Structures are given as C-alpha cells and as structure tokens.
Amino acid sequence: MKDLEISHDILLAGSDFEFCRKRVKRFFDRTMLIRYDEMRIVESESLNGREKQFWTRLKDNIKANQKVIGELLQNLNEEGFETLDDLHGLEKGYVSKILHTVAHLLDGFIGIDSRFYNLEEDSHSISRHLQQKIHAEPQNYWVIRVKGRIAPAGEDPLDTLRTFEWKGKHND
C-alpha cells in the first residue's frame with residue numbers, strides 16, 4: 001500500500017528561511033490536529049514575499065481551500081444535508097465528520113485538508129491588514145512548503161485516515 005502525502009503552504013513572518021523553518025517545525029510538533037509519520041519542510045518549494053510567484057501561490061492556495069470546502073459541502077448535500085434544520089437529526093458518523101471538517105476549515109484550524117494555512121492569523125485566508133503589512137515589507141514574509149507523509153495503517157486506504165488521530169499516541 002502506498003503512503004499518503006499531504007502538502008501545505010504555511011504563511012508566516014520571519015527574517016529568513018531558517019527562522020521560519022524552525023517556527024513551522026515547532027508549530028507542527030506542538031499541534032494536536034495533525035500528526036505525520038514524517039514531515040519535510042521543502043526549501044526549494046518555499047517562497048519569500050519578494051519573489052514574483054508569492055502572491056499567485058497564496059491566491060491559488062486560498063482557492064484550493066475554498067474548493068475543498070465546496071466539495072465537502074457537495075458531499076453533505078448528496079447525503080441529504082440541505083439546511084441548518086438538518087442538524088437536529090445529524091447522526092454521528094460520515095456526515096458529521098464532513099461537517100466537522102468544514103467547520104475546521106472555516107474556523108481556521110489546520111487539518112490534513114488545509115492546502116494553505118496562515119500561521120500569523122491562525123486562519124485559511126489573509127486579512128486586509130496583513131496584506132498591507134506584507135506589501136510594505138515583503139522580505140519579512142514567507143510561504144513555507146510542508147510535506148507530510150502518513151504510512152498506511154492497513155489494507156483499506158481509509159484506515160490511514162481513520163487512525164490518523166492516534167498516530168504517535170498510546171492507544172489504551
């Protein structure tokens with residue numbers, strides 16, 4: 001069975017790549033929302049705010065997050081979830097997990113579905129105020145590419161995600 005690889009672009013402020021690399025590593029080491037068997041910070045795929053592709057990468061990644069949300073909302077719709085009134089009868093399981101993932105993406109919690117994460121504002125977008133700060137001092141902002149690898153947990157590829165929250169933790 002093949003490993004699952006997830007990519008994230010993380011926006012943050014810092015004086016240089018090495019400083020930002022350490023901040024991103026510390027963030028992933030401390031977050032309880034994502035656990036990878038291996039995590040790589042890819043310098044060759046990271047960008048400084050002065051680079052021409054910086055804003056394009058940010059916009060594309062914000063759109064990618066929106067696309068994930070749209071797909072998840074479509075899944076909810078296909079499962080019969082159409083209005084907020086449907087929350088009353090929502091059973092724990094597949095549909096509630098989709099709703100939970102959508103809430104995380106909208107609320108700014110990082111997850112394996114996050115293509116872009118703004119570490120400065122703990123969000124999946126960029127405020128107008130932060131955009132202004134980046135334009136004023138682009139050399140102080142970075143988009144750091146992170147690639148996480150999750151080893152398969154069994155024959156079913158979904159087992160990798162089902163046991164995701166238990167990676168690295170003792171299971172009583």
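Just a few scattered comments:
- Computed over the chain, the percent of Cα pairs more than 22 Å apart is 50.
- Taking only the Cα atoms of the range 44-86, the radius of gyration and Dmax are 16.4, 48 Å.
- Alpha carbon convex hull of the range 51-118, volume per residue in cubic angstrom: 85
- Taking every alpha-carbon pair under 8 Å whose residues sit at least 6 apart, the chain reaches a relative contact order of 49 percent.
Any read-out appearing in this document is the output of simple, stated calculations on the displayed coordinates, not a laboratory observation. This is a predicted model, so every value here is computed, not measured.
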